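The values are calculated or read from the model by the stated rules, or taken from the named source; none is laboratory data. Quick caveat: nothing in here was measured; it's all calculated off a predicted structure. Note that we place each Cβ from the backbone using ideal geometry, even for glycine, and neighbour counts take in every protein chain shown. All accessible areas refer to the heavy atoms of the entire protein, side chains included, with ligands and DNA or RNA removed. Shrake-Rupley method; radii C 1.70, N 1.55, O 1.52, S 1.80 Å.
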Amino acid sequence: MNTQKQKISFTAIENGKIRTIETFVGEYPNLMFLLRDKLFLEDFGECGGVGRCATCIVKASDVKGNSQKKDRNEPTTLAKLGFEQENIRLSCQLYISTDLEGAQIEILEL
Ligand code: FES
């Protein structure tokens, strides 16, 4: 059995700064925790990842697979704020999976 963690690489944009983020499947519980840790974001993910606060909002381009689908609290929270676009996401609702390989994740300010 292959026990090596699958590597993932994607681009993160914050305040116009572009960075390549390297991670692996399951390194963090979700994308919000990863971004907060690796980019030292303050006031990001205030509800702890339950999809209610929208402080972890991102524009997620080129996400693949099941991660394209919004479920649980995500569609409701985003609709309340008037975000209907498919690529506007709550980063706490995106798992660290190979669906993020090659994606572009831009941190948005509410
Ligand atoms: S951490 Fe609150 S909605 Fe994502």
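The residues on offer are L81, L41, and the sole one that is within 12 Å of the ligand (Cβ to nearest atom) and closer than 18 Å to R19 by Cβ is L41. The set of residues in segment 22-38 that are more than 13 Å from the ligand (Cβ to nearest atom), of a type outside the set (S, T, N, Q) and touching a residue at least 60 places away in the same chain (Cβ under 8 Å) comprises F24, V25, G26, E27.
For segment 63-76, the criterion of being in contact with a helix residue (DSSP H, G or I) (Cβ under 9 Å, 6 or more places away or on another chain), of a type outside the set (G, A, S) and touching a residue at least 40 places away in the same chain (Cβ under 8 Å) is satisfied by at least one residue. For segment 53-78, a tally of residues being at pLDDT below 95 and near the ligand (Cβ under 10 Å from one of its atoms) returns 1. Given the conditions (1) free of Cβ contacts under 8 Å to residues at least 40 places away in the same chain; (2) more than 12 Å from the ligand (Cβ to nearest atom); (3) out of contact with any strand residue (DSSP E or B) (no Cβ under 6 Å at 6 or more places or on another chain), which single one is not true for N87? Here N87 meets the rest and fails (3). Considering each residue of segment 83-91 in turn, at least one proves to be part of a strand (DSSP E or B), basic (K, R) and either at pLDDT below 95 or surrounded by 13 or more Cβ atoms within 10 Å (Cβ to Cβ) (or both).
Taking segment 30-53 as the range and being more than 12 Å from the chain's Cα centre (by Cα) and either polar (S, T, N, Q) or not in a loop (DSSP other than H, G, I, E, B) (or both) as the test, the residues that pass are D37, K38. Kindly indicate whether any position in segment 22-29 is of a type outside the set (F, W, Y), open to solvent by less than 90 Å² (accessible area, probe 1.4 Å), in a strand (DSSP E or B) and in contact with a strand residue (DSSP E or B) (Cβ under 6 Å, 6 or more places away or on another chain). Taking every residue of segment 22-29 in turn, at least one turns out to be of a type outside the set (F, W, Y), open to solvent by less than 90 Å² (accessible area, probe 1.4 Å), in a strand (DSSP E or B) and in contact with a strand residue (DSSP E or B) (Cβ under 6 Å, 6 or more places away or on another chain).
Against the condition within 12 Å of the ligand (Cβ to nearest atom) and touching a Gly at 6+ places or on another chain (Cβ under 8 Å), how does C92 come out, does it pass? In short, yes.
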